[in-house]
Amino acid sequence: MFRQSRHKAKYPFKSSSESGERVVDPEAVSRVVETMKAENVRWVDIHFVDVPGRLQHMTFPAREILDDPETAFNIAVGGFDGSSITGFTMINESDMLLKPIPETFALIPDDWQQPPGVAAGKTARFIAQIYWGGYKKGEAKRFEKDPRYIAERAEEYLKEKGWTAYFGPEVEFMILDKVEVEVDRPWKTMRVEITAREAAWNTQMPVIRFKQGYVPANPYDKLFWIRQEIATVLEDYFGIQVEAHHHEVASPGQGEIDFRFDTATRAADKVITLKYVVKNVAAKYGMVATFMPKPVYADNGNGMHTHQSLWEGDKNLFYDPNDEYAELSQLARYYIGGIMKHARALVAITNPTTSSYKRLVPGYEAPIYIAWSKANRSAIIRVPNYMRGIPKAARIEFRAPDPSTNPYLAFAAMLAAGLDGIKKKIEPPPPVDKNIYAMTPEERRQVEEVVRKQLGVPLQLPRTLCEAIEELENDHDWLFPIFTKEMLETWIEMKKEECLRIESYPHPVEFYEYFDI
């Protein structure tokens with residue numbers, strides 16, 4: 001089976017121009033075509049994400065690629081209506097093209113078919129780039145609001161400096177037996193009911209108690225074999241090197257699967273692939289998976305702590321063996337300063353749902369304070385300190401993001417903030433090694449004074465999505481030239497409407513608290 005390389009990220013394009021034909025690696029195309037023929041691939045499923053980050057797909061007969069691979073991979077395999085995709089285009093400019101990326105080829109497991117055996121032959125998956133329609137062959141322009149395009153722009157911008165950025169997200173999720181939601185008549189009834197075989201509220205033992213779900217052994221980890229199958233599919237079908245998987249802290253079916261770090265675009269490809277595989281394997285067993293940041297009250301939410309570092313060739317630019325505190329270079333400290341300086345605006349992209357801010361509250365290991373430290377998980381930035389003296393291991397971990405984000409935009413935005421810190425030599429405040437949650441109000445006030453003096457920002461992240469979007473409206477120049485103007489304007493408009501609409505719904509707990517007032 002043809003797979004992506006598990007150890008080296010190979011960017012296939014020879015041109016970085018924003019318009020015109022991009023020439024694809026002919027060897028990659030040849031390998032894909034040979035494998036499709038050998039595996040009797042009958043259908044190709046073309047994947048892309050909308051602006052919020054939800055996965056979309058269109059399916060074509062394999063002959064659309066096999067009959068003319070050069071056109072399929074260099075021009076497009078087919079078109080679609082962009083006006084029907086959230087955040088894309090208006091109805092009067094809706095013709096768009098899907099250009100499959102050969103390096104993202106994967107075979108979809110046969111046992112995902114519902115019911116099994118219906119489709120003759122196998123189905124292959126490709127992730128696509130999106131281009132405007134309506135141009136002559138070879139002259140189509142890249143769509144400015146294709147999320148993958150933003151991540152590619154980040155890599156191209158960094159390449160001008162001779163640098164490469166690597167990202168290693170830790171994606172958390174929950175696999176549940178059933179979720180029932182009733183919101184179709186919100187003036188009369190609103191409710192949600194969760195059924196989960198591991199949940200603390202079950203009466204049949206064994207259960208996992210609230211906030212005590214971190215790495216319990218079988219038989220308490222009832223979803224071990226499902227996670228194991230997910231990890232196996234990721235490795236054997238999609239060529240993603242899994243580094244570990246385990247049960248996470250939350251009681252009802254919370255898991256985490258970690259994969260090997262990669263460049264911004266390819267790491268984002270891996271995130272959307274992981275979400276796709278998790279949801280499909282869960283569905284295979286009659287269950288549902290969610291990456292919602294805070295699905296369960298009184299328990300930990302789903303985060304996406306993101307490790308990142310900058311390299312120049314084989315040299316890790318974040319490593320300095322002479323730094324006694326954390327073996328961290330001055331350039332890495334400036335990168336940290338950039339993320340901290342723009343953190344209140346950055347979370348409007350990395351934490352883009354109203355649910356995100358129900359996770360970012362004290363008491364559930366989610367960081368809310370704009371601080372950094374080695375090993376301290378109460379700060380938004382942690383410098384992992386498992387072992388010293390290993391240059392390739394030097395990195396920072398941004399702990400605020402969650403998996404409801406669009407990973408292409410999230411990784412690009414983190415990089416943009418860090419690079420702004422390097423450009424402007426933004427020195428971060430001194431590290432805070434004490435548990436910020438356990439500080440007295442006076443101790444926390446002293447930390448805030450230092451942060452405000454050094455960075456000109458409050459100590460705490462925004463408390464709501466609406467507040468975060470306001471911060472992004474007032475602080476976004478650092479996103480350019482990586483983000484396109486079109487993408488940023490659409491994101492702010494879309495998220496502002498979303499937060500205002502959702503916050504307008506009366507909540508059942510408000511009835512409990514205020515009905516008798």
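Distances longer than 41 Å among the Cα atoms of the chain: what percent of all pairs is that?
20 percent
Overall, the anisotropy analysis places segment 146-208 in the oblate class: the square-rooted eigenvalues a ≥ b ≥ c of its C-alpha gyration tensor yield a/c not less than 1.5, with a/b not exceeding b/c. Net charge within 14 Å of residue 284 by Cβ-Cβ distance, Lys/Arg positive one each and Asp/Glu negative one each, not counting residue 284 itself? Net local charge, residue 284 excluded: -2.
For residue 489, the shell of other residues with beta-carbons less than 14 Å away shows a net charge of -2, using +1 for Lys and Arg and -1 for Asp and Glu.
In the chain, which helices (entire DSSP H runs) extend 15 Å or more along their own long axis, judged by Cα positions, while averaging at least 0.5 on the Kyte-Doolittle scale? Please report the intermediate quantities before stating the final value.
Numbers: long enough: 26-38 (18 Å, -0.03); 147-159 (19 Å, -1.21); 224-236 (18 Å, 0.12); 264-284 (30 Å, 0.20); 330-341 (16 Å, 0.10); 407-424 (25 Å, 0.81); 441-455 (20 Å, -1.57); 485-503 (27 Å, -0.84).
Correct list, ordered by number: 407-424.
Rounded, prolate or oblate: which fits segment 351-466, taking a ≥ b ≥ c as square roots of the Cα gyration tensor eigenvalues, rounded meaning a/c under 1.5, else prolate when a/b beats b/c? Rounded is the answer for segment 351-466, as its axis ratio a/c remains below 1.5.
I need the chymotrypsin sites (Phe, Trp or Tyr not before Pro) found in segment 286-342, filtered to DSSP loop residues with at most 14 other beta carbons within 10 Å of theirs.
297, 325
Counting only DSSP H runs of at least 4 residues, each contributing -39500 (n - 2.57), and dividing by the residue count of the chain, the helix-based mean residue ellipticity at 222 nm comes to -9500 deg cm²/dmol.
Would segment 262-303 count as rounded, prolate or oblate if I go by the C-alpha gyration tensor, calling it rounded below 1.5 in a/c and otherwise prolate when a/b exceeds b/c, oblate otherwise?
oblate
Rounded to the nearest 10 square angstrom, residue 58 shows an accessible area of 60 square angstrom against a 1.4 Å probe. In this simple spin-label model, placing a label point 7 Å from the Cα along the Cα-to-Cβ direction at both residue 423 and residue 501 gives a separation of 3.4 nm.
Solvent-accessible area per residue in the chain equals 45 Å², computed with a 1.4 angstrom probe and all protein chains kept.
Per-residue extension of 0.36 nm, minus the Cα-Cα distance of residue 179 and residue 377, leaves a gain of 68.2 nm for this segment. Of the whole protein surface, residue 387 contributes about 140 Å² of accessible area at a 1.4 Å probe radius. Length gained on full extension, residue 435 to residue 159, computed as 0.36 nm times the residue gap minus the Cα-Cα distance: 95.6 nm.
What Kirkwood hydrodynamic radius, in Å, does segment 463-517 give when the mean of 1/r is taken over all pairs of distinct Cα atoms and then inverted? Working shown, then result.
Values: mean 1/r = 0.0754 Å⁻¹.
Across segment 463-517, the inverse of the average 1/r is 13.3 Å.
Kirkwood-type hydrodynamic radius, segment 225-325: 15.6 Å, calculated from all non-identical alpha-carbon pairs. Considering only the other residues whose Cβ falls under 9 Å of the Cβ of residue 264, what net charge follows from Lys and Arg at +1 and Asp and Glu at -1? Spelling it out: positives minus negatives among the neighbours equals -2.
Summarising the label geometry, the points placed 7 Å from Cα in the beta-carbon direction at residue 209 and residue 40 lie 5.5 nm from one another. Taking 112, 43 and ordering them by how much accessible surface each has at a 1.4 Å probe, largest first, produces 43, 112. What the Cα atoms of segment 257-371 give is an Rg and a Dmax of 17.3, 54 Å.
Given charges of +1 on the Cβ of Lys and Arg and -1 on the Cβ of Asp and Glu, with all other atoms neutral, how large is the dipole of segment 35-161 about its Cα centre, in debye to the nearest 20? Don't jump to the answer; show the numbers that get you there.
Working: 16 positive and 20 negative charges, 20 e Å.
Approximately 100 debye in magnitude.
The values are calculated or read from the model by the stated rules, or taken from the named source; none is laboratory data. Predicted model, so just to flag it, every value in this text is computed and none were measured. In this analysis, Cβ positions are derived from the backbone assuming ideal geometry, glycine residues included, and neighbour counts consider all displayed protein chains. The protein model used for the area step is the full one, side chains on, heavy atoms only, and it has no ligands, DNA or RNA in it. Shrake-Rupley method; radii C 1.70, N 1.55, O 1.52, S 1.80 Å.
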